[in-house]
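The values are calculated or read from the model by the stated rules, or taken from the named source; none is laboratory data. Keep in mind that this is a model prediction, so the values were computed, not measured. Positions of Cβ are generated from backbone atoms using ideal geometry, with glycine treated the same way; all protein chains shown enter the neighbour counts. SASA here: full protein model, heavy atoms, side chains in, ligands and nucleic acids out. Shrake-Rupley method; radii C 1.70, N 1.55, O 1.52, S 1.80 Å.
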Amino acid sequence: MLEALIVGLSFAAGALLAVAAMTPAAATPLARRLQEIHGPGAAGAQPEELTLPFTERVVRPLVESGLRALGRLLPRALVDTARRRLDEAGLRIDPARFVGLQAALATLGVLGGLLLGLDRLLAGAPLLPAVLASSLGVLGWRLPGVWAARRGAWRRRMLARALPDVLDLLSVSVEAGLGFDGAVQKVAEKFPEPVSGEFREYLRDIRLGQTRADALRALADRSGSPELRTFVAAVVQADQLGVSISRVLKAQSDAMRLRRKQRAEERAMQLPLKLLFPLVFFIFPSLFVVILGPVVIQFLGVLRP
């Protein structure tokens, strides 16, 4: 019982550290109220850092620096994989800090598994503690990655769903006389996240001096969406060959709508197969109990002497 309590507290502490490392800093209610009354420079005579709570001034920087240092000790390939996954998920987090968080949670999982099986370990039976430690360690390592991967998959679905409408707005804006970058600005203003965020990043890259082709390729690499890669390749090719961008955008919009329709039909075809498992294991047994239950009861009553 004591080991389970210690493990629970360890995981709770790890979760709090993860939240502290992944959430942005916020001002205290007192500082916000002073800014509302006196304006932005109303922190008084004390520096701005002193208006933050102790956790934001001391605990969070220590946690972030520790996780970043731990992540830099791991292989570079893990950091590169985390960077790509975080970009696809739209998370502006230091990849080294993210990998350090995975390593810290894995360490907590291993320690928790050893504590849970401490009595078996002391009794000379290390199999159960080893299984618990390895399982919880793998779980702690995988959880942040799975969360980022699921968020990235959600963003790719949202981008693929909104891309035909984005191309329509781009085409109409270009035909109305706007340049391509001006049309992208309209998309960033009219569409919600994650579409607006990705195209705002494209505009930021353009303002920083990148060429349109490089900024578009960075947009495709950052999103990880196959549909967006196709769109970027078509626009870059049209820009290099001098083809009318509005015509290319219109053709791409029609192709994206056709692809979205085909994807919906494919999912509809898969529906009967996906319904087979719940039907066989959950619905059919219930129907058998309701239909055959009274018959079985009557039959047992007839056989009873």
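Ordered by 1.4 Å accessible area with all protein chains kept, V79, V280 run largest first as V280, V79. Spacing of the modelled spin labels on F282 and V243, each 7 Å from Cα toward Cβ, amounts to 4.8 nm. Measuring with a 1.4 angstrom probe and ignoring ligands and nucleic acids, W141 comes out at about 70 Å² accessible.
Please compute the length gained on full extension between I291 and W154, using 0.36 nm multiplied by the number of residues separating them and subtracting their Cα-Cα distance.
Details: separation 137, 0.36 × 137 = 49.32 nm, distance 4.23 nm.
So the chain would gain 45.1 nm between I291 and W154.
Partners of K186 within straight-line reach, counting lysines whose Cα lies under 27 Å from its Cα and excluding those fewer than 8 residues away in the same chain: K250, K261.
May I ask you to give the solvent-accessible area per residue for the stretch 195-241, in square angstrom, as obtained with a 1.4 angstrom probe?
On the way: 2160 Å² over 47 residues.
Heavy-atom SASA per residue in the stretch 195-241 reads 46 Å².
How large is the accessible surface per residue of the stretch 61-191, computed with a 1.4 Å probe and reported in Å² as a whole number? Please report the intermediate quantities before stating the final value.
Details: 6780 Å² over 131 residues.
Each residue of the stretch 61-191 exposes 52 Å² on average to a 1.4 Å probe.
Listed by chain and number, the aspartates and glutamates whose C-alpha is less than 17 Å from the C-alpha of K190, apart from same-chain residues fewer than 8 away, are D165, D168, D181, E198, E201.
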